[in-house]
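Below is one structure, written out as structure tokens; the observations come after it.
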Amino acid sequence: MNNPFADEQRRKLHAITRRHFFGKSAWGIGGLALASLLNENLFAAPKSDLLNFNPLAIKPPHFAPKAKRVIYMFMEGAPSQLDLFDYKPKLVKLNMQPCPEEMIKGERFAFIQGVPKILGTPHTFTRHGQCGMELSELLPHLSTVADDITLVRSMVTDAFNHAPAQILVNTGSTQIGRP
């Protein structure tokens, strides 16, 4: 009687024998050998680097940096980015309407009961500078330097409560205790 399980086990064992290992890795080992024959220093660090090797040393960048300064603003307790930097016209259009079912289906919210409502910003956004950066009326002085700053709007999270989201933005994890 044929046992399909035993046949599968035998096939797996056959695939990891010494002979099969060398047969399958010959091309990779041969490629490394050929590369080292063509350039003997291919995998070696320069001799001066070996004497002063420090894995924690600052390495030169891949390209010359252009930024002179970086100001990271983490404004706990400040108005929302949706009221300052991130204009969402669709949210303003849907302001105070019930949240669509497809957005909340299967989600459990700790502090929301019933059907949540969409909240758009009450503030006016206008375009500033040659770049056309949209900024809130709450930032009149920042709007004067719109062409001199970079605004990063690519951060995304699934953390919908403030505390886990704050921990995430500063540590990369929603769990407390990360550096």
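The values are calculated or read from the model by the stated rules, or taken from the named source; none is laboratory data. Computed from a predicted model, the values in this text were never measured in an experiment. Every residue, glycine among them, receives a Cβ derived from its backbone with ideal geometry; neighbour counts consider all protein chains shown. Calculation scope for accessible area: heavy atoms of the full protein, side chains included, ligands and nucleic acids excluded. Shrake-Rupley method; radii C 1.70, N 1.55, O 1.52, S 1.80 Å.
Quick rundown of the values:
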{"item": "Qualifying residue in the stretch 53-69 (condition: at pLDDT below 80, in contact with a helix residue (DSSP H, G or I) (Cβ under 9 Å, 6 or more places away or on another chain), of a type in the set (A, V, I, L, M) and in a loop (DSSP other than H, G, I, E, B))", "result": "no"}
{"item": "Scan of the stretch 87-101 for residues that are at pLDDT 90 or above and either over 8 Å from residue 121 (Cβ atoms) or basic (Lys, Arg) (or both), ordered by number", "result": "88, 89, 90, 93, 94, 95, 96, 97, 98"}
{"item": "Answer residue from the stretch 89-133, given it is in contact with a Gly (Cβ under 7 Å, 6 or more places away or on another chain) and assigned to a loop (DSSP other than H, G, I, E, B) and is most open to solvent (accessible area, probe 1.4 Å) among those", "result": "95"}
{"item": "Residue list for the stretch 70-88, restricted to those being of a type outside the set (S, T, N, Q), open to solvent by 80 Å² or more (accessible area, probe 1.4 Å) and either touching a residue at least 12 places away in the same chain (Cβ under 8 Å) or not in a loop (DSSP other than H, G, I, E, B) (or both)", "result": "74, 76, 88"}
{"item": "Positions within the stretch 140-171 being more than 24 Å from residue 104 (Cα to Cα) and over 18 Å from the mean Cα position of the chain (by Cα), in sequence order", "result": "140, 141, 142, 143, 144, 145, 146, 147, 148, 149"}
{"item": "Filter result (open to solvent by 90 Å² or more (accessible area, probe 1.4 Å) and within 19 Å of residue 145 (Cα to Cα)) within the stretch 53-69", "result": "66, 68, 69"}
{"item": "Near pairs, Cβ below 9 angstrom, 6+ apart or cross-chain, from the stretch 111-140 (farther than 17 Å from residue 92 by Cα) to any residue that is of a type in the set (Ser, Thr, Tyr) and open to solvent by less than 50 Å² (accessible area, probe 1.4 Å)", "result": "128/143; 129/143; 133/143"}
{"item": "Residue selected from the stretch 153-172 under the condition in a loop (DSSP other than H, G, I, E, B) and open to solvent by less than 100 Å² (accessible area, probe 1.4 Å), by the criterion nearest to residue 135 (Cα to Cα)", "result": "154"}
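For every residue, the table says whether it meets (1) under 24 Å from the mean Cα position of the chain (by Cα); (2) more than 17 Å from residue 161 (Cα to Cα).
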residue	(1), (2)
72	yes, yes
76	yes, no
79	yes, no
83	yes, yes
86	yes, yes
93	no, yes
96	no, yes
